[in-house]
Amino acid sequence: MNLGAWGEAVAERYLIKKGYRITERNFRCKAGEIDIIAYDSTRLVFVEVKTRRNQKYGLPCEAVNASKIRHLIKTAAYYMMIHSMESSDARIDIIEIIKAESGVYFRHIKGITS
């Protein structure tokens, strides 16, 4: 299993333990990809998972720049459109993970576009 897939599996287990209901993994369309789509109670959540082995290039969440956020928003909007969903009750989160020899760093950042 590659590092990205490992991180997504860790993030999925975390979300399930927190009571989220996973509906889809690795949703893809022309606008981009969303790693995990889940419900937090009744709220639809689009989750971008960023996993790294170190902080050589900064924290994983720093890789989610303005361009990536635009792609996430467009992809989320497309997902909601094809599933006839309202966008007012959705959010985009980031889960960042660093898997280093010294241990695992994990942080869930909710509502990055709010």
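These residues, MET80, MET1, go from largest to smallest accessible area, 1.4 Å probe, as MET1, MET80.
How charged is the neighbourhood of ARG91? Take every other residue with its Cβ under 12 Å from the Cβ of ARG91, and add Lys/Arg as +1 and Asp/Glu as -1. My count for the surroundings of ARG91 gives -2.
Per the Kirkwood formula applied to alpha carbons, the chain shows a radius of gyration over Rh ratio, Rg over Rh, of 0.96. Ordered by solvent-accessible area of protein heavy atoms (1.4 Å probe), largest first, the residues TYR79, TYR57, TYR39 come out as TYR57, TYR39, TYR79. Taking the C-alpha atoms only, the angle from helix 66-82 to the longest principal axis of the chain is near 40 degrees.
Just checking the listed ones, ILE95, ILE16, ILE34: in the Gaussian network model of the chain with Cα springs under 10 Å, the one fluctuating most is ILE16.
The values are calculated or read from the model by the stated rules, or taken from the named source; none is laboratory data. Predicted model, so just to flag it, every value in this text is computed and none were measured. For neighbour counting, all protein chains shown are included, and Cβ atoms are generated from backbone atoms with ideal geometry for every residue, glycine included. Each accessible area value is taken on the protein alone, full model and side chains, heavy atoms only, with ligands, DNA and RNA left out. Shrake-Rupley method; radii C 1.70, N 1.55, O 1.52, S 1.80 Å.
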